[in-house]
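A short write-up of the structure that comes next.
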Amino acid sequence: MHSIFFVQPAAVEDNLVSYTKWLLSLPSGQKPKTAAYATQDDPFTQPQVDKAKTLLEAGGVTTASYKVYPAETTDFTPLALQVVHANADVVILGTQEPDAVAFVKAFQQQHYNPKSLIETTGPDQGKDFADKVGAGNTEGIMVPAGWTPDAKAYGNDKFVSEFVAKYGGAPGDISADAAEAYSVGQVVDQASKKANSIENKALITALHSGTYNTIQGPMSFDSSGKPQGGVGVYIEQWQGGAAKFVYPPSVAAAKPEYPKPNWQ
Amino acid sequence: MTLVLEAAALGILTGGVYALMASGLTLIFGVMRIINVGQGALVILGAYLSFAFSRSWQLDPLLTLVITMPLMFGLGVILQIIFIRPLKTDREALSVLVTYALALGIEGVLGYVFTTNYVQLRAWYETASFALFGFHITYVYVFGFLLCIAILGALFLVIYRTSFGGALRATMLNRTAAQLIGVDVDRVSAIAFGIGVATAAAGGVVFGITNAFNPGSHYDLISRLLTIIVLGGLGSLRGAIIAALIMLVTEDITAVVVSPVWASFVFFVILVVVLIFRPQGLFGVRVRDRI
């Protein structure tokens with residue numbers, strides 16, 4: 001895997017580390033006692049959830065339920081029922097967008113309000129996510145993220161203004177996927193200038209050394225292409241109709257809402 | 001135990017929606033002896049049409065069926081005339097290729113018009129639920145099940161209580177004999193294909209309310225629909241309904257009792273066991289005998 005590079009602020013399995021740190025840092029009266037986990041058997045989602053489970057169990061949070069489901073699953077309600085019946089304090093879901101939406105809706109149908117809900121993908125899709133679950137029902141939902149429209153990272157202002165000019169909408173509507181794709185372009189642009197070539201071999205050599213500035217922050221890559229020394233993956237939470245960084249405090253634009261408000 | 005009962009109830013309700021989607025597939029096979037592997041794409045097309053009409057005209061998604069079902073019926077008739085009717089030899093094999101091409105074409109057009117981003121139909125009843133015996137039953141699944149009963153009931157009435165139904169059943173029994181006694185089998189086939197596509201619109205709207213979907217969502221759907229009609233017996237409407245209920249109840253209970261990973265596996269074990277003892281499926285005595 002020497003020739004494949006991952007342009008995100010952290011390796012996939014570390015995406016929920018910030019979240020677990022935040023949960024375990026809560027005062028003892030607020031710290032969750034139980035957690036329920038469900039994840040797709042997907043190389044992007046499951047490693048994140050498994051690492052979060054290991055860290056939380058080590059921190060004294062009991063696992064109330066842990067389920068892995070096939071990526072081709074289309075009916076998520078039985079899975080959601082299991083999570084609901086586990087009645088855990090916090091729910092951690094390894095989702096892509098369709099199941100992220102389906103779980104939120106199923107929890108509303110069952111009147112289940114965990115103190116905290118985080119999904120690996122879905123809530124980071126901006127307006128696309130809010131349109132599907134309803135703007136009012138996004139409140140308090142969390143997602144690991146390395147980018148927000150108001151981040152002061154390299155080139156972010158230009159990216160946001162040009163994106164809105166081309167596709168319309170507001171900065172908060174932009175999907176994190178678009179930001180990640182743009183970052184790939186930034187990295188390749190800088191690597192090609194550094195190598196003075198667009199040949200694959202030269203680009204690969206260039207990418208294995210040095211630091212590249214992106215709208216997700218500066219990043220470099222180790223010998224296997226994993227991101228190193230980036231800004232790390234933070235926690236974003238929907239508050240008042242927009243997703244905001246809430247942890248760690250050094251980058252937070254707002255304090256985390258905990259417990260999450262009940263569904264509308 | 002509560003969880004198992006809840007999963008069983010959910011399986012029955014969602015099974016009705018799958019029965020609706022599979023009914024068109026089995027009806028088309030019964031009349032024309034063709035496998036319409038484009039049925040999943042037609043379900044997704046129906047969902048997108050409801051999405052477009054509900055968004056443009058602020059209509060309730062279920063109400064859009066008043067528009068989408070006739071539209072899809074007309075589309076089905078046209079598709080049958082253009083793509084299926086010219087197949088005179090080796091219909092079973094060629095129809096798979098033709099309808100697969102149709103599915104890819106529909107997927108491509110939907111991707112161009114709506115992009116490949118996921119969308120979902122919105123309605124007040126998508127998350128609203130009522131308590132019954134300690135369960136929370138969601139309105140959308142109840143409405144979907146009632147829609148299934150209404151449409152499949154109407155379909156049974158058409159098939160068994162109208163002169164067109166008589167011609168349809170005659171065509172299913174023996175296409176050549178039906179022609180000999182004066183049945184216009186080309187007309188019957190076109191209308192049957194239209195009905196099958198119209199039921200896809202009905203299934204699509206409920207699928208679109210309960211699931212986020214994109215143009216590629218038909219691949220998972222068609223594999224499930226084909227499995228349902230194989231278990232029920234190719235060409236059997238009753239079989240499609242029973243098989244859909246068996247599939248969804250089995251999968252949902254297995255998902256909550258054992259693991260979601262085993263949900264499909266257990267259903268396929270049932271399918272294999274049934275096919276060992278009844279190769280024609282549960283109600284498929286001989287596929288052209290009856291529906």
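The values are calculated or read from the model by the stated rules, or taken from the named source; none is laboratory data. Quick caveat, the model's predicted, so the values are computed rather than measured. Quick reminder, even Gly has a Cβ in these numbers, built from the backbone with ideal geometry, and neighbours come from all protein chains shown. Note: accessible area is taken over every heavy atom of the protein model, side chains too, but ligands, DNA and RNA are not part of it. Shrake-Rupley method; radii C 1.70, N 1.55, O 1.52, S 1.80 Å.
Below are the figures for this structure:
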item	result
In the stretch A:120-140, residue nearest to the chain's Cα centre (by Cα) [restricted to those that are crowded, with 24+ Cβ neighbours inside 10 Å and away from chain B (no Cβ under 13 Å)]	A:Thr120
Options B:Leu59, B:Leu79; residue that is under 21 Å from the mean Cα position of the chain (by Cα) and more than 25 Å from B:Phe283 (Cβ to Cβ)	B:Leu79
Residues of the stretch B:9-33 satisfying the condition of being open to solvent by 20 Å² or more (accessible area, probe 1.4 Å) and either facing chain A (nearest Cβ under 10 Å) or part of a helix (DSSP H, G or I) (or both)	B:Ala9, B:Ile12, B:Leu13
Test result for B:Val77, open to solvent by 20 Å² or more (accessible area, probe 1.4 Å), farther than 30 Å from A:Ala80 by Cα, part of a helix (DSSP H, G or I) and in contact (Cβ under 8 Å) with a residue 24 or more places away in the chain	yes
Filter result for the condition that a residue is within 14 Å of chain A (Cβ to nearest Cβ) and either open to solvent by less than 20 Å² (accessible area, probe 1.4 Å) or outside any helix (DSSP H, G or I) (or both), over B:Val37, B:Val4, B:Val43	B:Val43
Selected residue (criterion: farthest from B:Phe213 (Cα to Cα)) from residues of the stretch B:118-128 that are among the hydroxyl-bearing types (Ser, Thr, Tyr) and assigned to a loop (DSSP other than H, G, I, E, B)	B:Thr127
Helices (runs of 4 or more DSSP H) contained in the stretch A:150-218 and holding at least 2 residues within 25 Å of the chain's Cα centre (by Cα) and in contact (Cβ under 8 Å) with a residue 12 or more places away in the chain	A:156-167, A:176-195
The stretch A:57-68 residues that are surrounded by 14 or more Cβ atoms within 10 Å (Cβ to Cβ), paired with ones that are among the charged types (D, E, K, R) (beta carbon under 7 Å, 6 or more apart)	A:Val61/A:Lys33; A:Thr63/A:Lys53; A:Thr63/A:Glu57; A:Tyr66/A:Lys53; A:Val68/A:Asp41
Count - residues of the stretch A:92-106 that are at the interface with another protein chain (Cβ under 10 Å from one of its Cβ atoms) and among the β-branched types (Val, Ile, Thr)	2
Which listed residue, of B:Leu102, B:Leu110, B:Leu97, is over 19 Å from the mean Cα position of the chain (by Cα), away from every other protein chain (no Cβ under 14 Å) and touching a residue at least 40 places away in the same chain (Cβ under 8 Å)	B:Leu110
Which listed residue, of A:Asp89, A:Asp75, is at the interface with chain B (Cβ under 7 Å from one of its Cβ atoms) and open to solvent by 20 Å² or more (accessible area, probe 1.4 Å)	A:Asp75
Scan of the stretch A:216-264 for residues that are touching a helix residue (DSSP H, G or I) at 6+ places or on another chain (Cβ under 8 Å) and over 30 Å from B:Glu126 (Cβ atoms), ordered by number	A:Gln216, A:Met219, A:Phe221, A:Gly225, A:Gly232, A:Val233, A:Tyr234, A:Tyr247, A:Pro248
Selection count where residues are at pLDDT 90 or above and in a loop (DSSP other than H, G, I, E, B), scope the stretch A:134-149	3
Members of the stretch A:107-119 that are touching a residue at least 40 places away in the same chain (Cβ under 8 Å), at the interface with chain B (Cβ under 9 Å from one of its Cβ atoms) and in a loop (DSSP other than H, G, I, E, B)	A:His111
Scope the stretch B:129-150; condition within 11 Å of chain A (Cβ to nearest Cβ), farther than 17 Å from B:Ser54 by Cβ and not in a strand (DSSP E or B); matching residues	B:Tyr141
Filter result for the condition that a residue is in contact (Cβ under 8 Å) with a residue 24 or more places away in the chain, away from every other protein chain (no Cβ under 13 Å) and surrounded by 24 or more Cβ atoms within 10 Å (Cβ to Cβ), over B:Gly204, B:Gly208	B:Gly204
Enumeration of residues in the stretch B:248-286 that are crowded, with 20+ Cβ neighbours inside 10 Å and at the interface with chain A (Cβ under 10 Å from one of its Cβ atoms)	B:Leu248, B:Glu251, B:Asp252, B:Ile253, B:Thr254, B:Ala255, B:Val256, B:Pro260, B:Ala263, B:Ser264
Residue ranges of helices (runs of 4 or more DSSP H) in the stretch A:1-102 with at least 2 members within 30 Å of A:Met219 (Cβ to Cβ)	A:17-25, A:46-58
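Yes/no per residue for (1) in contact with a Pro (Cβ under 8 Å, 6 or more places away or on another chain); (2) surrounded by fewer than 21 Cβ atoms within 10 Å (Cβ to Cβ); (3) of a type in the set (Asp, Glu):
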{"position": "B:Leu121", "(1), (2), (3)": "yes, no, no"}
{"position": "B:Phe130", "(1), (2), (3)": "no, yes, no"}
{"position": "B:Val185", "(1), (2), (3)": "no, yes, no"}
{"position": "B:Ala192", "(1), (2), (3)": "no, no, no"}
{"position": "B:Gly196", "(1), (2), (3)": "no, no, no"}
